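Chemist: Before anything else, here's the structure in question.
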């Protein structure tokens, strides 16, 4: 590889990295500028209640072709809402494309085999989406951990003589994010005239949590039949805490099985990639010889069966 090609690839890599950083930091800069304009009076602060109505109307009116073809699959827009991600989907896709190009270029410069470069580029392309899914998982996990305290806080507010909406406002004021954000949105929606039942159902759609559905279902039943809602919420909070305690014990007992499953599933693929890089002619029989093709297909099927069996063994519902 000539020095000119190396210089061009290095320039493209640095330019791509600078572009990614500029794209990520652009939203924060615009947000800071808007906040400063609001403080000095150049820009009026938007009413959050009005924004909720505008956003809901826009989301209901817009439906993509992919959403119509796959109605049971969670949309990327909903995943980004659940992850509380303020980056546009097009921006996230652009970052993935830049990282994929950067990974392919760097692997080529490093002298990696030509058939490895697209694989590394594809892995780099998936990095932003993996970050998004991890952010969503972390946020939902924190919400689940905060839910028992929130229910007990609402129960105390009900015993003090406050309404359910006032109790949810206390949660929004006293507790940290993300549960404060969701309860604050429900409080603002019911202030705008939306029935609290519909607002709670909307929160269940934004936060796919089974314990939250228990809470919403109990509220809906209590508003129709009556009863002591504070006692119901205390019992739900107690059940949630016990489930978390038992779930922690189950995860500790199945940790060895889950680790063994990860190693056993990843070991054949890792060994294959290592041998493909060190001695390609040693493993090329797996796709050039008819017997090798049959062995590869059987091995992949057995890997899938083993993964499903291990998943069934270590997955215990609590």
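Chemist: Put a dot 7 Å past each Cα toward the Cβ at residue 231 and residue 251; how far apart are the dots in nm?
Modeler: 3.4
Chemist: Kindly state, to the nearest 0.05, the FRET efficiency for residue 78 paired with residue 260, given R0 = 30 Å and r defined as their beta-carbon distance. Kindly include the intermediate steps, with their values, before the conclusion.
Modeler: Details: r = 34 Å, r/R0 = 1.15.
Result of the calculation: an efficiency of 0.30.
Chemist: Here's something else I'd like to know. Taking neighbour counts of Cβ atoms within 10 Å as a proxy for exposure, in what order, fewest first, do 104, 254 appear? Mind dumping the intermediate values first?
Modeler: Values: 104 21, 254 15.
So the residues, fewest neighbours to most, are 254, 104.
Chemist: Counting other beta carbons within 10 Å of each residue's own, what order do 215, 244 fall into, fewest first?
Modeler: Result, fewest neighbours first: 244, 215.
Chemist: Counting other C-beta atoms within 10 Å, which of 131, 287 has the fewest, and how do the rest follow?
Modeler: Working: 131 16, 287 9.
Fewest-to-most Cβ neighbours within 10 Å comes out as 287, 131.
Chemist: Figure the gain on full extension for residue 88 and residue 201 (residue separation times 0.36 nm, minus the Cα-Cα span) and round it to one decimal in nm.
Modeler: 38.1 nm
Chemist: Suppose the chain between residue 269 and residue 135 were pulled fully straight at 0.36 nm per residue; how much longer would it get relative to their current alpha carbon spacing? Mind dumping the intermediate values first?
Modeler: Values: separation 134, 0.36 × 134 = 48.24 nm, distance 2.74 nm.
Length gained, residue 269 through residue 135: 45.5 nm.
Chemist: Using a/c under 1.5 as the rounded threshold, could you call segment 87-162 rounded, prolate or oblate? The axes a ≥ b ≥ c are square roots of the C-alpha gyration tensor eigenvalues, and prolate needs a/b larger than b/c, oblate otherwise.
Modeler: Numbers: a/c = 7.73, a/b = 3.95, b/c = 1.96.
It comes out prolate by the Cα gyration axes.
Each value in this text was obtained by applying a stated rule to the coordinates, not by laboratory testing. Model, not experiment: these values are computed from the prediction. In this analysis, Cβ positions are derived from the backbone assuming ideal geometry, glycine residues included, and neighbour counts consider all displayed protein chains.
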